[in-house]
1. Once R0 is set to 30 Å, what does the formula 1/(1 + (r/R0)^6) return for the Cβ-Cβ distance between R166 and K235, expressed as a FRET efficiency to the nearest 0.05?
2. Which residues in the range 84-117 place their backbone N less than 11 Å from a point set 7 Å from the Cα of K67 along the Cα-to-Cβ direction?
3. When the gyration tensor of the chain is built from Cα positions, what are the square roots of 5 times its three eigenvalues, in whole Å, from largest to smallest?
4. For the range 39-197, just the Cα set please: Rg and Dmax, both in angstrom.
5. Pairwise over distinct Cα atoms, reciprocal of the mean inverse distance: report the Kirkwood radius of the range 303-387 in Å, one decimal place.
6. Can you list the residues of the range 252-281 with backbone N under 20 Å from a point 7 Å past the Cα of V313, pointing along Cα to Cβ?
7. Quick one: if you take sqrt(5λ) for each eigenvalue of the C-alpha gyration tensor of the range 147-325, what semi-axes come out, biggest first, whole angstrom?
8. Tell me, what is the FRET efficiency for E324 and D135 to the nearest 0.05, using R0 = 41 angstrom and their Cβ-Cβ distance as r?
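The values are calculated or read from the model by the stated rules, or taken from the named source; none is laboratory data. Note that the structure is a prediction, hence the values are computed from the model and not measured. So basically every Cβ, Gly included, is an ideal-geometry build from the backbone, and we count neighbours across all protein chains shown. Calculation scope for accessible area: heavy atoms of the full protein, side chains included, ligands and nucleic acids excluded. Shrake-Rupley method; radii C 1.70, N 1.55, O 1.52, S 1.80 Å.
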Amino acid sequence: MAFTLRWGILSTGWIATKFSLDLLVNPSTRQVSDVAHRIVAVGSRSKDSAQKFVDSVWNEAGVKEGKKQVKLYGSYDELLADKDVDCIYIGTPHSHHYANAHAALSAGKNVLCEKSLVVNAAQAKALIDLARSKDLFFMEAVWTRYQPFAYKLEEVLKSGKIGEVRGVQAELCVDFGPTAKKNPDHRLINPVLAGGALLDLGPYPWTQLALVLLGEHKASTEPLPVPKVVSSMTKTTSGVDASVVAAIEFAQADGRIVHGTLTTAQDRQTAHSRCSLIQGSLGYIEVAFPTYRPRSLTYYRWANEGDLGDPTVKPVESETFEFEPRPGGIWGFAWEADEVARCIRDGRKESDRMPLRETLLMMQVFDEIRKQGNFTYPPELETLELK
Ligand SMILES: NC(=O)c1ccc[n+]([C@@H]2O[C@H](COP(=O)([O-])OP(=O)(O)OC[C@H]3O[C@@H](n4cnc5c(N)ncnc54)[C@H](OP(=O)(O)O)[C@@H]3O)[C@@H](O)[C@H]2O)c1
């Protein structure tokens, strides 16, 4: 019999809607039978929003069952006090994640929190310590790591098709100009809501680098070494980061240093044909946009090292793997939800595919990028103090 995880949804914005829609899709449409999901409660800053959210999500999902049983709360605290909730999903702006996750963990709840987990590494460390001290499950919601794309990428790399990995270029740029014009206070560009390209989009090119260059992914309390970073940043007129380019040194198990380059911006658009390039000794892999849910990956393999540099020599092998955008009717968040359910069912406190030490490492790298860009958020966002 499937283990059913009982979710409490904290906030009612865009991503909470998409995530909840996925929870309402029968897992059998994605060939999953060991876990299932139920939304038992929704908490919003207003009860009216919680009601509207449930009406619209159930309506869009075309589902009748379960709606009447959802408990609606007009505050996050009431949601966190609900004894029927096993796990809280946090979908507030990242300016609020530290306080929301702290409150949820303090209330004894398991937590899945949207990216970026928090604003800086100190906050990430404080929450990780809190989750461990309370023996609770805790994870940053980086859905890409649970998509069929990520498993296929691992498989292609392990097969040695492109030989030894020598470099990775990863990019996620989305032009937010039209959004900013419509709403200059939008969370994407507003410093008070921790706007900016790096925290909003950066976790995805980081994920592409981490999937290839961090080696085996494993939950452990042993911290990962922080790589050397050299970066450059431009700012928006609202004062957040518009564009970031960073070169990051990843030490490999065989002692080599491999460069990953991370590019993220909110003033231009990544080409649809390619968001990341993985360069090996025998070939390369191209990943098609969008970086958060790649549409395809293609590898090209040449017979010998050196053939690659000769434009007259053709690859001996190449293959494209395509990934359906809406498999089984989901947006793609259901796979990470399935992982959370399995971890909680099995008593695991973190996921090997998105371990907390990798979240901490990402925040440490992002801190360094912001330091080099001379960019800090308002003090009330960077602090460990809670109001
Ligand atoms: N995984 C992904 O692909 C993905 C995609 C988009 C966004 N995200 C992440 O999800 C988070 C939310 O993004 P979003 O686009 O869903 O934002 P959004 O549409 O603005 O929703 C945020 C929600 O947070 C709550 N909230 C609490 N305090 C708030 C405040 N001071 N200002 C605004 N909202 C406040 C509101 O819900 P109530 O009114 O119900 O309290 C609001 O609806 C961000 O951290 C973002 O990085 C992830």
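1. 0.35
2. Label zone hits: none.
3. In descending order the semi-axes read 34, 25, 20 Å.
4. 19.2, 56
5. 18.6
6. Flagged as within label range: 278-281.
7. Semi-axes, largest first: 31, 19, 15 Å.
8. 0.60
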